[in-house]
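Before any comments, here is the structure.
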Amino acid sequence: MIGIFASVIDGILIGSVYGLAAMGLTLIWGVMKVINLAHGAIVVLGMFLLYIASLMIGLPAYATIPVTIVFGFVFGVMLYWIAVHRMIGRAELMSLLATFSINMVLIGLGTAWWTTSPYNVLVAMPGVTWQGYTFTGTHIMAAVLAMVIAGLLYLLLYRTRQGKAIRAVANNREAAELSGIPTTQVLSFAFGLGVALACVSGTLIATLFPFTVLSGEAYQLKSFVVTVLGGLGNPAGALMGGIALGLIEGLATPFMPVSWIPIVEFGLFVFCLIAFPRGIFAFSKA
Amino acid sequence: MIPVWLRPFPWLVVAASLLYAFVPYFADDVQLRESLLLAAVYIVLASNLNLMIGFAGYVNFGNIVFFGLGGYTCLYLVNDLHWPVMAAALVGGIAVSAIALLFGLGILRLRGAFFALATIGVNQAIQQLVINFEPWGGATGIYLSLDSYAPLGGPAQALWTAYLLVVLMAAFSLLGSFAIRNSKFGLGLLAIGQNEDAAAVLGVPTPLYKAMIYSASAFLPAVTGGLYFFKSGIIEPTSAFNLQTSIEAIVMVMLGGSGTIIGPALGAFLYEELRGFLLTAQTFSNFQLVIAGMLLLLIVLFVPDGFLGWVHRRWPRTRRWLE
């Protein structure tokens, strides 16, 4: 019984990091109706930022996080102007392809530099032992940081002028433009924000598990599952969707072979898309 | 009004296919054959994907799932039940089409980006399912025993047969696209691609047409998957359901010009040859993905109607025979 309880807790801890990654994806979709297929590559970018900062420069692991956020934001705004800006308002195929091409370029560069062999950043963090079960320190720390960042995003979206502008553009871009909001600037800001979230979640994931240049695909697919669970375009739902996915993974592990878990995830994904296209947590529309 | 089959285009396709099929045969060049075979496989994938993207306006990211499932069905039938390969490939195609029809009725209720995401989900779910499916060899896949090539006159002869059959499938893909494009069904699809609600109001049975085209676009890739993996002699889940290949097929469609008939095939051929060149050139082999990505971005940003679209705009008269 305690064993199941422990795996539930661990599921929630990891799930909140999944949720953070998915928030980046869902924010971009919510504001500009673009599905960012470079998401996975950007998560990987965050992982390698940790690798560079902590192993090559020597920063403490958690001090990398503000650096990652700033870097991710700048990089995201850049990507917006290069690839996304001209796609706004065009057929979805176009924005999917444009972001996918960015994905190919990033993965290609990454493979050329770092090859596809696994990397690992060891982070020393004392764990918490309770009733004979140890909760890893890095997992707790990652979950706490994910929650803090999600909280900051909430404050930004609901307590600042810029956040209000983002929500206005998400709601109705033309009306926002008519009320004097510089919508293009807001779009690029929101894209930067989404990329920064993906990037920082990559950094957090890299403190937990080993990673390769190609890990992004798995996390991108997880982010899709999470966004669909939480409702596309709904950041609060994404966090809950992430925790739900973590719970599913945690709960399923004792009962079935590990290789069956992806089937459950993707089955759930397709089922939710068809049955609840607005997400199963659609009540809290952000 | 001359009948559709008397127009120059289908005969152009027949002539080009004959040339394509027999050049490596008479040159007796195995290396050329392998490269052309891969290009022909991509022509099948791209022109069937074009039925969804270019005609109906639905982005299918998981089109490779048909190819993989067709390959698995065929290899299972050939290896374990000792069927002849042609029958096995054909049955694979029919089975996969039927499955696609069922799936299509479900996931085609979704539109735009939601549909695109669902197709990724379907591909990944089926890949994971196959990894766990023991009769199909699980994660290691199926290795074809050498005896399977005996009915076709031994491995060397069987590879030529497989090549000719794949080229035949490529020709069928183009002729099939042409026939669909010039039918009432095709017009309905184009209407769906432009504005689905308006099409429904005008009496196009949209759910049925969408499911039908989804299923139709599964048939030839599944047959070709059977032939291709029969040729390779091995199939395993990561190569059979490779999302990367699936998306490269979209690049090919866009490169050649989506919505046209010969465009995706041209795109597939060009892309395959370009990649062959990049992989062999020393300086570029590491940056093949980077270059393909940049190429895609440039097409999407500046020539969204692809190569053939550009040709059509530049020389409008080519529209009449280069469709």
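The values are calculated or read from the model by the stated rules, or taken from the named source; none is laboratory data. Just so it is clear, the model here is predicted, and its values are computed rather than measured. All Cβ positions, even for glycine, are placed from backbone atoms using ideal geometry, and neighbour counts span all protein chains on display.
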Any hit, the stretch B:122-136, residues being surrounded by fewer than 21 Cβ atoms within 10 Å (Cβ to Cβ), more than 12 Å from chain A (Cβ to nearest Cβ) and either in contact with an Asp or Glu (Cβ under 6 Å, 6 or more places away or on another chain) or at pLDDT below 90 (or both): yes
Considering residues of the stretch B:202-253 that are more than 13 Å from chain A (Cβ to nearest Cβ) and polar (S, T, N, Q) only, the residue farthest from B:L129 (Cα to Cα): B:T206
Leading residue by the ranking (modelled with the highest pLDDT) among those in the stretch A:26-41 that are part of a helix (DSSP H, G or I) and over 16 Å from B:I120 (Cα atoms): A:A41
The one condition in (1) more than 22 Å from A:G46 (Cα to Cα); (2) surrounded by 20 or more Cβ atoms within 10 Å (Cβ to Cβ); (3) touching a residue at least 40 places away in the same chain (Cβ under 8 Å) that A:T184 fails to fulfil: (2)
Residues of the stretch A:68-87 satisfying the condition of being surrounded by fewer than 18 Cβ atoms within 10 Å (Cβ to Cβ), within 14 Å of chain B (Cβ to nearest Cβ) and not charged (D, E, K, R): A:M78, A:W81, A:I82, A:H85
Tally, over the stretch A:110-144, of residues that are within 14 Å of another protein chain (Cβ to nearest Cβ), out of contact with any helix residue (DSSP H, G or I) (no Cβ under 6 Å at 6 or more places or on another chain) and of a type in the set (A, V, I, L, M, F, W, C): 1
B:V167 within 19 Å of B:F67 (Cα to Cα), among the β-branched types (V, I, T) and more than 14 Å from chain A (Cβ to nearest Cβ): yes
Residue count, the stretch A:249-267 (criterion: in contact with a helix residue (DSSP H, G or I) (Cβ under 7 Å, 6 or more places away or on another chain) and either facing chain B (nearest Cβ under 9 Å) or aliphatic (A, V, I, L, M) (or both)): 10
In the stretch A:91-101, residue farthest from B:I53 (Cα to Cα) [restricted to those that are more than 7 Å from every other protein chain (Cβ to nearest Cβ) and touching a residue at least 24 places away in the same chain (Cβ under 8 Å)]: A:T99
Enumeration of residues in the stretch A:149-181 that are surrounded by fewer than 12 Cβ atoms within 10 Å (Cβ to Cβ), hydrophobic (A, V, I, L, M, F, W, C) and within 21 Å of A:S201 (Cβ to Cβ): A:L152, A:L155
Test: A:G194 is at pLDDT 90 or above and either within 11 Å of chain B (Cβ to nearest Cβ) or closer than 24 Å to A:N120 by Cα (or both): no
Residue, farthest from B:S173 (Cα to Cα), within the stretch B:93-107, restricted to residues that are in contact (Cβ under 8 Å) with a residue 12 or more places away in the chain and facing chain A (nearest Cβ under 10 Å): B:I107
Top-ranked residue of the stretch B:232-246 - restricted to ones that are out of contact with any strand residue (DSSP E or B) (no Cβ under 7 Å at 6 or more places or on another chain) and surrounded by 23 or more Cβ atoms within 10 Å (Cβ to Cβ), ranked as modelled with the lowest pLDDT: B:S246
Selection count, the stretch B:187-221, where residues are of a type outside the set (D, E, K, R) and without any contact (Cβ under 8 Å) to a residue 60 or more places away in the chain: 14
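Listed here are the residues, each with its yes/no results for (1) surrounded by 13 or more Cβ atoms within 10 Å (Cβ to Cβ); (2) over 17 Å from B:G256 (Cα atoms); (3) of a type in the set (D, E, K, R).
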residue: B:L12; (1), (2), (3): yes, yes, no
residue: B:S17; (1), (2), (3): yes, yes, no
residue: B:F26; (1), (2), (3): no, yes, no
residue: B:Q31; (1), (2), (3): no, yes, no
residue: B:Y42; (1), (2), (3): yes, no, no
residue: B:L49; (1), (2), (3): yes, no, no
Hey, B:V4 under 22 Å from the mean Cα position of the chain (by Cα), surrounded by 12 or more Cβ atoms within 10 Å (Cβ to Cβ) and touching a residue at least 40 places away in the same chain (Cβ under 8 Å) or not: no
Condition broken by A:G233, with the remaining ones in (1) surrounded by fewer than 20 Cβ atoms within 10 Å (Cβ to Cβ); (2) in a loop (DSSP other than H, G, I, E, B) satisfied: (1)
Residue list for the stretch B:289-304, filter: surrounded by 18 or more Cβ atoms within 10 Å (Cβ to Cβ) and either within 7 Å of chain A (Cβ to nearest Cβ) or in contact with a strand residue (DSSP E or B) (Cβ under 6 Å, 6 or more places away or on another chain) (or both): B:L289, B:V290, B:A292, B:G293, B:L296, B:L297, B:V300, B:P304
